[in-house]
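The values are calculated or read from the model by the stated rules, or taken from the named source; none is laboratory data. Just so we're clear, the structure is a prediction, and the values are computed from it rather than from any experiment. FYI the Cβ positions are ideal-geometry reconstructions off the backbone, even for glycines, and counts take in every protein chain you see. What goes into the accessible areas is simple: the full protein's heavy atoms, side chains included, and nothing from ligands, DNA or RNA. Shrake-Rupley method; radii C 1.70, N 1.55, O 1.52, S 1.80 Å.
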Amino acid sequence: MEKSNSVRKVCGFYVSSVHLVTMLLPYLSKQIKEQIEVIPFLEFDLRKNVEVILSKIVLNEENKEQILSINWKNTKIQKFTNVESKLKNKMKKEKEAIILISGSKKYIKTVNEMVDRYFNKYRNNKKYITIINCFEVDEFDNDIREILDEHDFIINTSGINKIEDVFEIYKEKQAN
């Protein structure tokens, strides 16, 4: 039996925090119904946007409450021990989790390094992890290809898809 973690990296792109929440909610709602833990690391507070969007969509109250129970406030990540304790606390009973990371490229890179460090430290605990890195469009200029190359999938309002299914040109360039 394999004793290491299975990690799938997903990227997403958004133009505003409202767009980010709108893109994530359908996917997260479905995962929450399946009892999958969502662990956010957010550079900027999204709680107000989540509340506004949830007030305007049709979703049962229990599911809305579960979504609102996620800590949508910004996460301070100055020390590895902050990230480690949050992951350890949330992951102790879970076999599967989504780690949601949103912020500047620097913030995303720092959190990813800390998350990698955590799972390397605790690699004997078999976990299935989906890391969703969400980049603001203004933040990455011309290096979208670099971001896509570092991820296995992309998330948009239709859920998680293969990158080449969303960007036809990406598939063509991969072949060359």
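At each listed q (0.16, 0.17, 0.22, 0.23 Å⁻¹), what is the log10 of I(q)/I(0) that the Debye formula gives for segment 75-176 modelled as equal alpha-carbon point scatterers?
One equal scatterer on each Cα of segment 75-176 leads to -0.81, -0.89, -1.24, -1.30.
Roll a 1.4 angstrom probe over the protein heavy atoms and tell me the percent of accessible area of the chain that is carbon or sulfur.
The value for the chain is 48 percent carbon and sulfur by accessible area.
For segment 26-129, would you read off the P(r) tail past 21 Å as a percentage of all alpha carbon pairs?
Percentage above 21 Å: 38.
For the pairs 92/127; 9/86; 64/88, note any where the Cα-Cα span goes beyond 21 Å.
As for pairs spanning more than 21 Å Cα to Cα, those are 64/88.
Quick check: pseudo-label points 7 Å beyond the Cα along Cα→Cβ at residue 48 and residue 162, how many nm apart are they?
If labels sit at residue 48 and residue 162, their model points lie 4.2 nm apart.
Take the chain, connect every pair of alpha-carbon atoms lying under 10 Å apart with a spring to form a Gaussian network, then pick out the residue of 55, 29, 104 with the largest mean-square fluctuation.
Looking only at 55, 29, 104, the biggest GNM fluctuation is shown by 55.
When the Kirkwood radius is taken over all Cα pairs of the chain, what Stokes-Einstein diffusion coefficient follows at 37 °C and 0.692 mPa s, in µm²/s?
My calculation gives 194 µm²/s for D.
Within 10 Å of each candidate Cβ there may be at most 15 other Cβ atoms; applying that plus a DSSP loop requirement, which trypsin sites (Lys or Arg not before Pro) in segment 69-106 survive?
Sites meeting the loop and neighbour criteria: 73, 76, 79, 92, 93, 95.
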